[in-house]
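Student: Please read through the structure below; I'll follow up with questions.
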Amino acid sequence: SQQGEEDPQALSIQEGENATMNCSYKTSINNLQWYRQNSGRGLVHLILIRSNEREKHSGRLRVTLDTSKKSSSLLITASRAADTASYFCATDLYGNKLVFGAGTILRVKS
Amino acid sequence: DTAVSQTPKYLVTQMGNDKSIKCEQNLGHDTMYWYKQDSKKFLKIMFSYNNKELIINETVPNRFSPKSPDKAHLNLHINSLELGDSAVYFCASWGLAGVTGELFFGEGSRLTVL
């Protein structure tokens, strides 16, 4: 069954605004990862947060993790048109098995 | 140089046919995967091989048969194709980043069954 579920399913914002995507999962995890998929392309790893971490930053990306609520959020600040893509969270349950959510489609309008 | 490459990128075929998708990675990784992405973009793991050995086999019809001739290659053969097999199939390899790892994906192979 699906482990991660993203919310919202789709998000449309203006360039320069911040975009926040949420992910909920069901079981205990080793770590949680976020991936990006441009239209017609493969997924690309963005950022990883371990289960003992609460927040992590990478450039314009900020990820939070709340293991008590089994949820994570991805914030993209000062969005650009080039950020238009689908964003997926993936939970690492054990070893090297990643289970993906259904994704959030982000559209950034210029 | 493409790290994870899949061929073909597009595949259109009739129901009942047999087809194969090939995948190669030049990253030196030991573990490779096949994922299926449906029309709603839901990505589901199908198989995983570690150094030519099958380690993950999700609930996939036995019409799907992966083969790994060496750790750099993982091919997917599908027999008796059905309409529901239409999807984008992604190959990926697992690379370590410190004590954790991440997936490196190919560009996908879009299969359309008519």
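Every read-out reported here was derived from the displayed coordinates using simple, explicitly stated rules and does not represent laboratory data. Computed from a predicted model, the values in this text were never measured in an experiment. Cβ sites come from the backbone with ideal geometry, for glycine too, and all protein chains shown count toward neighbours.
Student: Please sort by residue number the chymotrypsin sites (Phe, Trp or Tyr not before Pro) in the range B:1-42 whose DSSP state is loop and whose Cβ has at most 16 other Cβ atoms within 10 Å.
Tutor: When the chymotrypsin sites (Phe, Trp or Tyr not before Pro) of the range B:1-42 are filtered for loop state and at most 16 Cβ neighbours within 10 Å, B:42 remain.
Student: Given a Förster radius of 25 Å and the C-beta distance between residue A:82 and residue A:7 as r, what FRET efficiency does 1/(1 + (r/R0)^6) yield to the nearest 0.05?
Tutor: With a Förster radius of 25 Å, E is 0.60.
Student: For residue B:27 and residue B:51, compute 0.36 nm times the residue count separating them, minus their Cα-Cα distance, and round to one decimal in nm.
Tutor: The span from residue B:27 to residue B:51 would gain 7.3 nm if fully extended.
Student: Still on this structure, I have one more. Work out the length of the dipole vector of chain B about its Cα centre, built from +1 on the beta-carbon of each Lys and Arg and -1 on the beta-carbon of each Asp and Glu, and round it to the nearest 20 debye.
Tutor: It works out to roughly 260 debye.
Student: What FRET efficiency do you get for residue B:96 and residue A:67 if R0 is 30 Å and r is their Cβ-Cβ distance, rounded to the nearest 0.05?
Tutor: That pair, residue B:96 with residue A:67, gives E of 0.85.
Student: Something else now. Could you please report the charge total around residue B:71, scoring K, R as +1 and D, E as -1 over all other residues with beta-carbon less than 9 angstrom from its beta-carbon?
Tutor: Cβ neighbours under 9 Å give a net charge of -1.
Student: Local charge sum around residue A:21 (other residues, Cβ-Cβ under 12 Å, Lys/Arg +1, Asp/Glu -1)?
Tutor: -2
Student: Also, I was wondering about something else. Which FRET efficiency, nearest 0.05, do residue B:7 and residue B:59 yield, Cβ-Cβ r, R0 22 Å?
Tutor: 0.25
Student: Exposure proxy check: A:97, B:40 ranked by fewest other beta carbons within 10 Å?
Tutor: B:40, A:97
Student: OK, next. Just to confirm a number: summing +1 for Lys and Arg and -1 for Asp and Glu over residues other than residue A:60 whose beta-carbon lies under 10 angstrom from that of residue A:60, what do you get?
Tutor: It works out to a net charge of +1.
Student: Simple spin-label model, 7 Å along Cα-to-Cβ: residue B:42 to residue B:20 in nm?
Tutor: In this crude spin-label approximation the distance works out to 3.1 nm.
Student: A follow-up question, please. Would you mind computing the Rg to Rh ratio of chain A from its alpha-carbon coordinates, Kirkwood style for Rh?
Tutor: My calculation puts Rg/Rh at 0.95.
Student: Under a plain spin-label model, where a point goes 7 Å from the Cα along Cα-to-Cβ, how far apart in nm are residue A:20 and residue A:39?
Tutor: Output for this residue pair reads 2.8 nm.
Student: When B:102, B:107 are ordered from fewest to most other Cβ atoms inside 10 Å of their Cβ, what list results?
Tutor: Least crowded to most crowded, the residues run B:107, B:102.
Student: Another question, then. If all Cα-Cα distances of the range B:1-94 are sorted into 5 Å bins from 0 onward, what percent lands in each bin, rounded to whole numbers?
Tutor: All Cα pairs, binned at 5 Å, distribute as 3, 14, 25, 27, 19, 9, 3, 0 percent.
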